[in-house]
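Each remark here refers to the structure printed beneath this line.
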Amino acid sequence: MSSISIDVAVIGGGVIGMAIALRLRSDGHEVVVIEPNEPGSGASYGNAGTIADYAVIPVGTPSVLRNFVSLLLDTNSPLSIRSSALPTLFPWLTRFAYESLPHRYRQNTRRIAELLSGASAAWTEFAAEIGASDLLSAKGCLYLYETQKAFKAAGADIALRCGYGVAQELLSAGEVLQLEPRLPPFEGGGLFFPGAINFSDPGEVMRRLSAAVRQAGVEFIPASAQEIVRQPNGIRIIAAPFEIRTRTAVISAGAHSRRLAAQIDDPVQLDTERGYHVEFDMAEPPIERPVCPTAYGFYFCPMWGRLRVAGLVELGGLAAPATPRLVENLAENARRIFPDLGEPSRTWFGFRPSMPNSVPVIRPSKGGSDVILAFGHGHIGLTLAPRTAQLVSALVAT
Ligand SMILES: Cc1cc2nc3c(=O)[nH]c(=O)nc-3n(C[C@H](O)[C@H](O)[C@H](O)COP(=O)(O)OP(=O)(O)OC[C@H]3O[C@@H](n4cnc5c(N)ncnc54)[C@H](O)[C@@H]3O)c2cc1C
């Protein structure tokens, strides 16, 4: 076994692990990132590319709880569960139901809003640092409510966001079509987040980030961390064929972090909300900014040379393959709005790292700050990467 000694070992090279590694390196630490795959090729590659600092509302809300069963029974809904995963999911679901109760949901919203505050500014700065400013677009983001009933029902969420200072503008259907003239006519309304920014290619952002990490002098160890052990003289990580001895380990392996946290006696209720995207190659996407038709639970994302349609939540664990029906639904629902899209050029599915309360875990482990936990970012991990790196940097410094 090849042995490595280092100040800090970051386990997982998604957007969270890489942002942390870069930050700790600029704080003066010697850092390695343990990552068995191409860095940034997990959830960090396949997302919608929105820096969603407006997304303060957790997945679990009183309304989702009330409608949970009907959402599951509707084969076209954005939420689904693989029945084979139900027994293992049961504790997560029970906790999710509890976290959706009014008092918990309000508290979770407050915690998410605190984390999201300043996320866009932090990313603008971070994008400049990693040479990715040209990939950022600042045209806002649009939610579509296709019926007046759905538009009215969004009132409570709009008021809640208002309370946290989120900039949002209510638009009539006509005003929506002025912003996005290639959308078909509809009768509801829109909600515009004017300050939102987005990336035109999350995969390219990951390539630039990993290049910046390497250039800063951080080595990627091409292996999977199998075991993490706390010893009197530090932390030992087995990532065959490597053995890494370190003063501080950061667990940031996205949806795969639960097993590693359990090994240092810090069990967490992390699971995954599986997400999907389909892409349609085209010279000019039909929209200028991310547009979310809320009934379908996905985003149309204008990207370089293609339109990406990304979203859905499937509860189904890490082992099962993608569900073909969901990919078909995604493409079919996209064609309900843009009928000329044709067949997708490519499809993808991946694993959001999700806590039942939608609040990421960013803290020292229960056994001490020699192991730091940084995972569970759910739907807003891209958005929160620079902020998470700042928080972890402060934890390593103390
Ligand atoms: C369809 C979809 C749309 C989304 N849209 C958005 C959006 O618009 N905005 C937003 O902010 N967020 C969005 N997200 C969420 C966001 O993509 C994730 O929260 C974020 O990418 C999580 O980053 P991560 O680094 O924790 O995980 P990942 O990117 O999954 O990285 C984890 C890494 O850990 C590695 N790993 C796993 N096990 C081990 C091990 N044992 N040892 C070493 N390494 C290991 C994996 O190989 C992987 O590279 C979306 C997600 C999906 C699925």
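For the chain, the longest principal axis of the C-alpha atoms and the axis of helix 119-129 are separated by about 60°. Across region 316-321, rounded Karplus estimates of 3J(HN,Hα) from the backbone phi angles (6.51 cos²θ - 1.76 cosθ + 1.60, θ = phi - 60°) give x, x, 8, 8, 5, x Hz, Gly and Pro being marked x. With every protein chain left in place and a probe of 1.4 Å, what is the accessible surface of MET282, to the nearest 10 Å²? Roughly 50 Å² of MET282 is accessible to a 1.4 Å probe. Rg/Rh for the chain stands at 0.96; both radii use Cα atoms, and Rh follows the Kirkwood definition.
Each residue of region 236-248 was assigned a 3J(HN,Hα) from its phi angle through the Karplus curve 6.51 cos²θ - 1.76 cosθ + 1.60 (θ = phi - 60°); the sequence is 10, 10, 9, 9, 3, x, 10, 10, 10, 10, 8, 6, 9 Hz, with glycine and proline shown as x. From the alpha carbon centroid of region 281-309 to that of region 336-398 is 22 Å.
Using only side-chain charges placed at the Cβ, +1 for Lys and Arg and -1 for Asp and Glu, the dipole size of region 318-398 relative to its Cα centre rounds to 220 debye. Antiparallel beta bridges, as assigned by DSSP with both residues in the chain, represent about 70 percent of the total such bridges. Annotation: amide H of SER5 within the under-5 Å range of ARG245, sequence separation 5 or more or interchain, hydrogens built in the peptide plane. A dipole drawn for the chain from +1 and -1 charges on Cβ atoms has a positive end, and of PHE90, LEU136, GLY378 the residue lying farthest that way is PHE90. How many nm is it between the label spots at LEU73 and GLU343, if each spot is 7 Å from the Cα in line with the beta carbon? Label-label distance for LEU73 and GLU343, simple model: 3.6 nm. Amide hydrogen proximity for ILE34: with H placed 1.01 Å from N in the peptide plane, the residues at 5 or more positions away or on another chain lying under 5 Å are VAL10, ILE11, GLY12, ILE221. For GLU227, the residues 5 or more places off, or on other chains, whose built amide H falls under 5 Å of its own are ILE238.
Summing Cβ point charges (Lys, Arg +1; Asp, Glu -1) relative to the Cα centre of region 179-333 gives a dipole of roughly 660 debye. Computed from the Cβ-Cβ distance with R0 of 25 Å, the FRET efficiency linking SER133 to ARG363 stands at 0.20. Take ASP281: with every protein chain present and a 1.4 Å probe, its accessible area is about 80 Å².
Determine the gain in length on full extension of the stretch GLU284-ILE4; use 0.36 nm per residue of separation and subtract their C-alpha separation, reporting nm with one decimal. Mind dumping the intermediate values first?
Numbers: separation 280, 0.36 × 280 = 100.80 nm, distance 4.81 nm.
Stretched out fully, the GLU284 to ILE4 stretch lengthens by 96.0 nm.
Assuming R0 = 35 Å, what is the FRET efficiency of GLN107 and GLU38, from their Cβ-Cβ distance, to the nearest 0.05?
0.40
Think of it as helices only: each DSSP H run of n ≥ 4 in the chain is worth -39500 (n - 2.57), and spread over all residues that comes to -11000 deg cm²/dmol at 222 nm.
Surface analysis of the chain yields an accessible area of 41 Å² per residue, using protein heavy atoms and a 1.4 Å probe. Placing +1 on the Cβ of every Lys and Arg and -1 on the Cβ of every Asp and Glu, with nothing else charged, gives region 294-339 a dipole about its Cα centre of roughly 160 debye. Relative to the longest principal axis of the Cα atoms of the chain, helix 381-397 runs at roughly 30 degrees. Derived scalar couplings between HN and Hα for region 14-24 equal x, 4, 5, x, 5, 5, 5, 4, 5, 5, 5 Hz in order, rounded to whole Hz, by the Karplus curve 6.51 cos²θ - 1.76 cosθ + 1.60 (θ = phi - 60°), x for Gly and Pro.
The candidates ASP27, ASP53, arranged from most to least accessible area with a 1.4 Å probe in the full protein assembly, appear as ASP27, ASP53. Computed extension gain for ARG336 through LEU86, at 0.36 nm per residue and net of the alpha carbon distance, reaches 86.9 nm. Region 57-128 and region 164-188 have their alpha-carbon centroids 25 Å apart. Think of the chain as a dipole: +1 on every Lys or Arg Cβ, -1 on every Asp or Glu Cβ, centred on the Cα centre; then among PRO185, ILE238, SER26, ILE238 lies furthest on the positive end. Straightening the chain between THR147 and ALA216 buys 19.8 nm, computed as 0.36 nm per residue apart minus the Cα-Cα spacing.
The values are calculated or read from the model by the stated rules, or taken from the named source; none is laboratory data. Worth saying up front: this structure is predicted, and the values here are computed from it rather than measured. Cβ sites come from the backbone with ideal geometry, for glycine too, and all protein chains shown count toward neighbours. The area values use the complete protein model at the heavy-atom level, side chains included, leaving out ligands, DNA and RNA. Shrake-Rupley method; radii C 1.70, N 1.55, O 1.52, S 1.80 Å.
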